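Engineer: Okay, here's the structure, questions in a sec.
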Amino acid sequence: MTDAATPAEIARRGLMLVLSSPSGAGKTTISRRLLEMDRDLHLSVSVTTRQRRPGEEDGKHYHFISTEDFGLMVNRQELLEHAKVFDYYYGTPKEQVERRLSAGQDILFDIDWQGTQQLRQRARDDLVSVFILPPSMRDLEKRLHTRAQDPAEVVAKRMGKAADEISHWAEYDYIVINDDVDRCLAQVYAILRAERLKRHRGLGLVDFVKRLREGG
């Protein structure tokens, strides 16, 4: 019999938490802090054809591969989703995701709306999607200039695409506005904790309830 002071452990399937936003709206910062505060959440490491940025590590932030190798993965249907963003290709290896979900582990995705649409088509019950909005376009442009990772022409290109990215907000399960990083983080974490308790994720619930009804 379960000790009254010890919460019952019920096996569950993992979930896929997707964070999307226009470049500079904060999804990477929120993703990093979520991973720091929750050891049960694991980052999905995408493959990409773009070059490494300062501080990025191959295999930790992305798997950096050639365009030719990326095309082979697409042809072999080894990617759960893939998209072209700002002249580079990104994709999610299928095998690593299914392995973690089956083991009851939650996976964090830092991807755009195109990838999210593909995940929704292939794994709707596993998906929890969150779109992060900036408080204003002026604030978004300021953030892009402040982080100083891209030249001015790239910042202009990202701003030009931001309106199109934002237009897909209604396709997401949840919307949060990142006017304060700590508040935004708290809201996203609340979503994650609540989604873990969804009835359909509890693989062991049927047996648990059966035992309860039988007096166990």
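The values are calculated or read from the model by the stated rules, or taken from the named source; none is laboratory data. Keep in mind it's a predicted model, so treat the numbers as computed, not measured. FYI the Cβ positions are ideal-geometry reconstructions off the backbone, even for glycines, and counts take in every protein chain you see.
Engineer: Within the range 107-216, which helices (runs of 4 or more DSSP H) (wholly inside it) include 1 or more residues that are of a type in the set (G, A, S), modelled with pLDDT under 90 and more than 27 Å from K60 (Cβ to Cβ)?
Structural biologist: Working: elements: 113-123, 137-147, 152-166, 181-195, 205-213.
Filter on the range 107-216 gives 152-166.
Engineer: Which pairs turn up if I take residues in the range 74-94 that are on the phi > 0 side of the Ramachandran plot and of a type outside the set (S, T, N, Q) and look for partners that are part of a helix (DSSP H, G or I) and at pLDDT below 95 with beta carbon separation below 8 Å, at least 6 apart in sequence or on another chain?
Structural biologist: Between residues of the range 74-94 that are on the phi > 0 side of the Ramachandran plot and of a type outside the set (S, T, N, Q) and residues that are part of a helix (DSSP H, G or I) and at pLDDT below 95, the close pairs are F86/V154; F86/K157; F86/R158; F86/K161.
Engineer: How about the range 73-91: which of its residues are of a type in the set (D, E) and part of a loop (DSSP other than H, G, I, E, B)?
Structural biologist: E78, D87
Engineer: Which is closer than 21 Å to D126 by Cα and at pLDDT 95 or above, of L19, L43?
Structural biologist: L19
Engineer: Can you name every residue in the range 30-72 that is among the small types (G, A, S), part of a loop (DSSP other than H, G, I, E, B) and farther than 26 Å from C184 by Cβ? If you could, list the steps in order and put the result at the bottom.
Structural biologist: The first filter runs over the range 30-72 and keeps only residues among the small types (G, A, S), leaving 31, 44, 46, 55, 59, 66, 71.
Among the residues that remain, those that are also part of a loop (DSSP other than H, G, I, E, B) are: 44, 55, 59, 66.
Within the range 30-72, G59, S66 meet the criteria.
Engineer: Now for a separate question. Tell me, which residue of the range 16-47 that is in contact with a Gly (Cβ under 8 Å, 6 or more places away or on another chain) and surrounded by fewer than 20 Cβ atoms within 10 Å (Cβ to Cβ) is farthest from E98 (Cα to Cα)?
Structural biologist: It comes out as V47.
Engineer: Sticking with this one: If I filter the range 92-100 for residues that are closer than 23 Å to E36 by Cβ, outside any helix (DSSP H, G or I) and at pLDDT below 95, do I get at least one hit?
Structural biologist: Within the range 92-100, one or more residues are closer than 23 Å to E36 by Cβ, outside any helix (DSSP H, G or I) and at pLDDT below 95.
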